[in-house]
Amino acid sequence: MRIAMWSGPRNLSTAMMYSFGNRSDFAVWDEPFYAAYLATTGLDHPMRDDILAAHEADPNKVATRCIDAIPAQKPYFYMKHMPHHMINEVPLDWAHDCVNVHLIRHPARVIASYGEKRSEMNFDDIGFAQQAAIYDKFGGYVIDSADIRANPEMMLRKLCDAIGLDFDPAMLSWPAGPHEGDGIWASHWYNAVHKSTGFAGAEGPLPELEGAAAELCAQALPYYERLAALKL
């Protein structure tokens, strides 16, 4: 089994990678196409030069690895993918050979969290439209980060049942600190999750956004709501 877990930024995606990576039967891969996305677009992201130096930037080579032998001779492969990385120059047909899962989060929370790490953002950066398009192309399963945080075991059991995988209690916790599967960008983005040893509890009220952030949220909300109607 190869799981393509599609998620926008700031959306519990690293915690989910740690959850699956804590199983003995899974290899994990952190944002396989990030370097290719930066190299192709020329965008200036935090740690851009380090990312390009440390990770494969040829999208065709990355796509081949997605369906090649699973690392460490594990039976299962978990790939943490960002929908906005899948620009026109990046192959996508490999996803036909994967179990596609779509991790969603309310855009108000995504935008508020993203803004703490990167002051400038636009609609393409947060991936809501791209994620909906990938769902339309490949289908799959939808799971909401709020539901996972509220009841991790119940939701992970639901997800495992849906995709035909035995639930493993090891998914509920992981060691604190950096993980072997982290991309080099972890030092900028993963500070909070590196302090964790499991899923945080339920989140509070939605953050109140103003100005451009509120407009961005309104633009993203219909895409979130469409996928939320399909969630497990």
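The values are calculated or read from the model by the stated rules, or taken from the named source; none is laboratory data. Note that this is a predicted model, so its numbers are computed, not measured. All Cβ positions, even for glycine, are placed from backbone atoms using ideal geometry, and neighbour counts span all protein chains on display.
Some points to look at:
- Restricting the stretch 219-232 to residues that are without any contact (Cβ under 8 Å) to a residue 24 or more places away in the chain and outside any loop (DSSP other than H, G, I, E, B) leaves a set whose member that is nearest to Leu103 (Cα to Cα) is Glu225.
- Scan the stretch 201-218 for residues that are assigned to a helix (DSSP H, G or I) and surrounded by 15 or more Cβ atoms within 10 Å (Cβ to Cβ) and the total you get is 3.
- Of the residues making up the stretch 64-77, none is in contact with a helix residue (DSSP H, G or I) (Cβ under 7 Å, 6 or more places away or on another chain), modelled with pLDDT of 95 or more and within 20 Å of Leu12 (Cα to Cα).
- For Tyr114: the one exception among (1) surrounded by fewer than 18 Cβ atoms within 10 Å (Cβ to Cβ); (2) aromatic (Phe, Trp, Tyr); (3) within 14 Å of the chain's Cα centre (by Cα): (1)
- Test: residue in the stretch 143-157 that is touching a Lys or Arg at 6+ places or on another chain (Cβ under 7 Å) and β-branched (Val, Ile, Thr): yes
- Whenever a residue of the stretch 181-200 is closer than 12 Å to Ser19 by Cβ and in a helix (DSSP H, G or I), its partners that are modelled with pLDDT of 95 or more and among the hydrophobic types (A, V, I, L, M, F, W, C), lying with C-beta atoms within less than 8 angstrom and at least six residues away or across chains, give the pairs Val193/Ala15.
- The residue pairs whose first member lies in the stretch 90-112 and is free of Cβ contacts under 8 Å to residues at least 40 places away in the same chain, whose second member is assigned to a loop (DSSP other than H, G, I, E, B) and surrounded by fewer than 21 Cβ atoms within 10 Å (Cβ to Cβ), and whose beta carbons are closer than 6 Å, counting only pairs six or more residues apart or on different chains, are Trp94/Ile67.
Yes or no, residue by residue, for (1) under 23 Å from Leu172 (Cα atoms); (2) touching a Ser or Thr at 6+ places or on another chain (Cβ under 6 Å); (3) of a type in the set (Asp, Glu); (4) without any contact (Cβ under 8 Å) to a residue 40 or more places away in the chain:
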{"site": "Met1", "(1), (2), (3), (4)": "yes, no, no, no"}
{"site": "Asp30", "(1), (2), (3), (4)": "yes, no, yes, no"}
{"site": "Thr40", "(1), (2), (3), (4)": "no, no, no, no"}
{"site": "Asp44", "(1), (2), (3), (4)": "no, no, yes, yes"}
{"site": "Leu52", "(1), (2), (3), (4)": "no, no, no, yes"}
{"site": "Ala57", "(1), (2), (3), (4)": "no, no, no, yes"}
{"site": "Ile67", "(1), (2), (3), (4)": "no, no, no, no"}
{"site": "Tyr78", "(1), (2), (3), (4)": "yes, no, no, no"}
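- For the stretch 118-148, a residue qualifies if it is closer than 25 Å to Pro205 by Cβ, over 15 Å from the mean Cα position of the chain (by Cα) and surrounded by 14 or more Cβ atoms within 10 Å (Cβ to Cβ), and the qualifying residues are Arg118, Met121, Phe123, Asp147.
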